[in-house]
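Trainee: Got a structure for you, questions after.
Values quoted throughout were computed directly from the atomic coordinates according to the rules given, and no laboratory measurement underlies them. Predicted, not measured: the structure shown is a model, and the values here were computed from it. Here the Cβ is made from the backbone with ideal geometry for all residues, glycine too, and neighbour counts use every protein chain on show.
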Amino acid sequence: MYLFTDGNVLSLATFFPLAGAIVIVLLMMARAMFGLGKGLVDQASRVIALVTSFLSMVAAIAAWSMFDGTKHGVQLVAKAVWIRDFNVEYFVRISHSTRRSSLITGTTGLTQGFTGSAARGAPS
């Protein structure tokens, strides 16, 4: 079984950073509750952000490679009913016009993670 499929690759690219943010918030709560060191939590937060950004980029590259440029219309569709009474649905897809921007978005998060870490370590 593969991690990335036609139905989930875009969702994973979208929600990997959100999962990382939730873990970082939980880590900050643990710091407050258990008195963890600031340096330890800061470094762990950077690693978590970098890993989830990398996973998001890998998912974006997987989506790029799974896209069939010979077919017209939307591809890699993920759709689910969320709140039926209010007609609220989750719907993600990619088309020819959004293909390039999805790859750029996926790689930008990782690039910002690297440049943010480098900027913090640079002398002022």
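Trainee: Using the Cα centre of the range 40-115 as origin and beta-carbon charges of +1 (Lys, Arg) and -1 (Asp, Glu), tell me which of VAL77, ILE61, SER95 is placed farthest towards the positive end of the dipole.
Mentor: SER95
Trainee: Enumerate the helices in the chain for which the Kyte-Doolittle hydropathy averages 0.0 or more and the C-alpha atoms extend at least 30 Å along the helix's axis, using complete DSSP H runs.
Mentor: 9-34, 38-66
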